[in-house]
Amino acid sequence: MTIQQPDGRRRTGRAMALGVVLATAVMTAGATGLPASASPHGPVAPDLGPNVTVFDPGMPVADIQATLDAAHAAQVDAEMGTARHAYLFRPGTYGTAEHPLQIKVGYYTEIAGLGASPTDVVINGKVEVYNRCLADGGTANCLALVNFWRTLSNLSININAAGQDGCRSSANFWAVSQAVSLRRLDVTGGTLSLMDYCTAGPQYASGGFIADSRLPAVTNGSQQQWLTRDSEVAGWSNAVWNQVFSGVAGAPAESAFPDPPYTTLDTTPVSREKPFLYTDARGRYQVRVPAARRNTRGVSWAGGLTPGRTIPIGDFFVARPSDPVQVINSQLARGKHLLLTPGVYDIPRGIEVKRPDTVVLGLGHATLTAVNGSTPLDVADVPGVIVAGVTIDAGERKSPVLLRVGKPNGRGHSSAANPTTLSDVYFRVGGPHVGSTDVALEVNSDDVLIDHTWVWRADHGVEGLTDTQRWNTNLGRTGVVVNGDRVTATGLFVEHFQQYNTVWNGEAGTTILYQNELPYDPPTQADWMNGKVKGWAGYKVGDRVRTHRLYGAGVYVFNQNNPDIHTENGFEVPRTPGVRLHHVMTVNLSAGTIDHVVNGVGEAADATRTGAPVYVTDYPAP
């Protein structure tokens with residue numbers, strides 16, 4: 001197809017968005033193996049496949065708006081769909097005061113700038129997510145509780161609500177829940193609201209993640225739990241159950257916890273920002289790999305380019321879902337990094353990352369699905385590996401584990417200065433299809449950093465299962481097992497597994513924000529027994545562990561399949577001075593009971609206090 005470039009030159013290429021051929025000036029990486037359209041800046045762009053669309057600031061705003069409106073219409077209700085897309089913006093300014101660019105983001109959609117700094121790409125307008133109304137088209141169930149799987153990063157938003165009604169014009173709305181990240185943003189000109197208070201209905205929202213961003217006043221609203229890390233905020237409006245701030249300038253201070261329930265760490269003990277794709281001053285595509293840092297606070301880009309290293313795109317094997325795993329492994333063995341373009345990849349044998357400092361970067365929520373009981377991704381005991389922007393699904397045949405970092409009982413070769421890092425890595429057992437695994441994420445190496453993950457055994461989906469059938473079909477014993485020492489997790493969300501949701505056996509571990517829902521679907525109390533103990537704690541620290549830190553954590557119960565089921569403790573940890581929990585809670589969502597918060601301490605979260613958390617400020621008590 002011939003595409004008119006903004007500067008009047010004519011190039012050949014292919015432009016596709018959601019199966020609709022667009023004869024506008026949208027530049028999309030070709031689907032035919034031909035090079036993508038040349039950049040107006042000079043160099044030829046890499047071929048990123050048919051599901052990556054690249055915009056240039058010279059394109060008409062109306063054409064960009066039409067493309068993104070069509071994308072949202074296709075994805076806004078596609079919760080269990082298979083389409084994956086990334087929409088990337090070259091450096092420049094998009095939208096004007098009179099004609100703002102107002103973007104709405106649906107499922108499995110990544111919106112990202114291609115600048116070296118977030119300030120290199122400016123959106124005059126909005127980038128938003130609204131509530132979904134799930135009850136027969138009415139307003140009785142309008143909420144954000146299932147607004148999952150979307151990404152916004154590496155750009156500036158100058159909030160402009162021109163043309164929107166009175167309520168919609170009051171904020172940039174980002175009403176989301178798990179598996180959604182905001183990274184490397186510079187937002188000005190208004191308010192950022194983490195709930196959609198304009199849509200009638202309950203308006204509930206259930207958690208999210210911000211990192212490395214400079215933000216205006218933030219309306220937390222109905223968000224039940226949230227982690228903001230290494231950022232700047234002009235203000236924060238309120239809290240619901242569990243809001244955590246780590247290394248955030250302008251964060252609210254801890255005061256009379258739990259009123260409000262803020263957990264605030266002055267600095268983040270270990271951090272590494274997620275790698276990002278960008279174009280340099282000559283228009284060449286590069287991947288910036290931020291360095292690991294300690295005791296961080298505020299944004300990484302305040303003084304210029306985020307500290308780290310730059311890898312040319314030519315050093316990556318750019319994979320598509322049609323590429324056989326043996327080809328991917330061959331390229332990794334040759335020393336290539338791996339860029340997974342958007343799509344769903346069937347993985348009959350594991351992708352093996354054996355070389356230190358290898359980067360595996362997914363675009364547009366690239367998804368690896370286990371086939372024939374495989375382990376889709378296996379990372380060796382080596383330092384500096386980074387896996388980012390990847391979703392991993394269990395398949396119908398049971399896998400032993402979906403992502404393994406280091407060998408069981410291995411030597412734990414990693415590096416505190418250069419930790420293997422998982423950023424925005426998500427897991428699903430069930431949901432779009434039947435899934436089964438023994439463990440979702442297993443970390444055996446030392447000094448690993450987990451920076452935002454949602455590990456989900458599905459409580460709903462398209463499998464056509466009743467709750468009892470789901471309990472016996474979508475099998476997931478444990479969500480996360482950590483055996484390595486000195487592992488740090490910033491933003492650990494784990495839900496609905498059939499035994500312990502998280503088991504932490506390594507020494508000197510740290511978790512900053514933990515969110516858990518116990519499984520909804522045990523049929524009977526007999527199905528939910530840990531020996532003679534009623535149920536399994538949502539967070540278990542191994543009996544032999546002597547040092548561990550947990551900051552800001554919640555375990556929720558909603559035994560909708562059998563409201564009479566009890567769980568003895570939300571948290572279970574060794575009784576030793578070195579294992580310390582700060583600001584932990586349990587809550588009943590309307591069915592079932594958690595008898596205690598931790599180790600027999602704390603009152604019952606039961607039907608007499610639905611929606612009212614039971615807090616323990618510190619365990620053991622000072």
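What follows draws every value from the coordinates through simple rules; no lab data is involved. All figures in this text were calculated on a predicted structure; none of them were measured in a lab. Neighbour counts are summed over all protein chains in view; Cβ atoms, including those assigned to glycine, are modelled from backbone coordinates with ideal geometry.
So what is the 222 nm mean residue ellipticity for the chain from helices alone, if each DSSP H run of at least 4 adds -39500 (n - 2.57) and you divide by all residues, rounding to the nearest 500 deg cm²/dmol?
-1500 deg cm²/dmol
What residues qualify as long-range amide H neighbours of Gly542, i.e. H under 5 Å apart, gap of 5 or more or another chain, H built at 1.01 Å from N?
It is Trp504, Asn505, by chain and number.
Can you tell me the equivalent ellipsoid semi-axes for the chain? Use √(5λ) from the Cα gyration tensor, largest first, whole Å.
37, 27, 24
Kirkwood hydrodynamic radius of the stretch 330-449 from all distinct Cα pairs, in Å?
14.1
Could you go through the stretch 445-452 in sequence order and give the Karplus-derived ³J(HN,Hα) for each residue, using 6.51 cos²θ - 1.76 cosθ + 1.60 with θ = phi - 60°, rounded to whole Hz, and x for Gly and Pro?
6, 7, 6, 7, 10, 9, 10, 6
If you build the convex hull over the alpha carbons only and average its shadow over all orientations, what do you get for the stretch 103-247? Give it in nm² to one decimal.
The directionally averaged projection comes out at 8.1 nm².
Taking only the C-alpha atoms, wrap a convex hull around the stretch 329-572 and report its volume per residue in Å³ as a whole number.
113
Give the lysines reachable from Lys336 as a straight Cα distance under 20 Å; neighbours fewer than 8 places away on the same chain don't count.
Cross-link targets: Lys274, Lys354.
Only bridges whose two residues both fall in the chain count here: according to DSSP, what percent of them are antiparallel, nearest 5?
So the antiparallel bridges amount to about 15 percent of the total.
What lysines does Lys126 reach when the alpha-carbon gap must be under 18 Å and sequence neighbours fewer than 8 apart in one chain are set aside?
Lys104
Calculate the spin-label point distance for Asp315 paired with Ala135, positioning each point 7 Å from the Cα along the beta-carbon direction, and give it in nanometres.
5.4
For the stretch 329-572, give the share of DSSP beta bridges that are antiparallel, in percent and rounded to the nearest 5; count only bridges with both residues there.
The antiparallel fraction comes to roughly 5 percent.
Express in nm, to one decimal, how much length is gained between Ala417 and Gln560 on full extension, taking 0.36 nm for each residue of separation and deducting their alpha carbon distance.
Answer, rounded to one decimal: 46.9 nm.
Of the DSSP beta bridges with both residues in the stretch 459-611, give the percent that are antiparallel, rounding to the nearest 5.
10
What is the order of Ile450, Ile512, fewest Cβ neighbours within 10 Å to most?
With the fewest neighbours first, Ile450, Ile512 line up as Ile450, Ile512.
Which ³J(HN,Hα) values, rounded to whole Hz and listed in residue order, are derived for the stretch 477-488 from phi using the Karplus coefficients 6.51, -1.76 and 1.60 in 6.51 cos²θ - 1.76 cosθ + 1.60 with θ = phi - 60°, glycine and proline given as x?
5, 9, x, 9, 10, 10, 9, x, 8, 6, 7, 10
How do Cys142, Cys167 rank when sorted from fewest to most other Cβ atoms within 10 Å of their own Cβ?
Final ranking by Cβ density, sparse to dense: Cys167, Cys142.
Once you keep just the Cα pairs under 8 angstrom separated by 6 or more residues, what percentage relative contact order results for the chain?
Averaging sequence separation for qualifying contacts and normalising by length gives 7 percent for the chain.
Within the set of other residues whose C-beta is less than 12 Å from the C-beta of Gly190, count the net charge using Lys and Arg as +1 and Asp and Glu as -1.
Once all neighbours under 12 Å are counted, the net charge is +1.
What lysines sit close enough to Lys540 to cross-link, taking a C-alpha to C-alpha distance under 27 Å and skipping anything fewer than 8 places away on the same chain?
Lys398, Lys407, Lys532
Please list 3J(HN,Hα) in residue order for the stretch 419-435, calculated via the Karplus relation 6.51 cos²θ - 1.76 cosθ + 1.60 where θ = phi - 60°; whole Hz, with x for glycine and proline.
x, 4, 10, 10, 10, 6, 10, 10, 10, 9, 10, x, x, x, 6, 4, x
For Thr199, what is the net charge nearby, where nearby means another residue's Cβ is under 11 Å from its Cβ and Lys, Arg count +1, Asp, Glu -1?
+1
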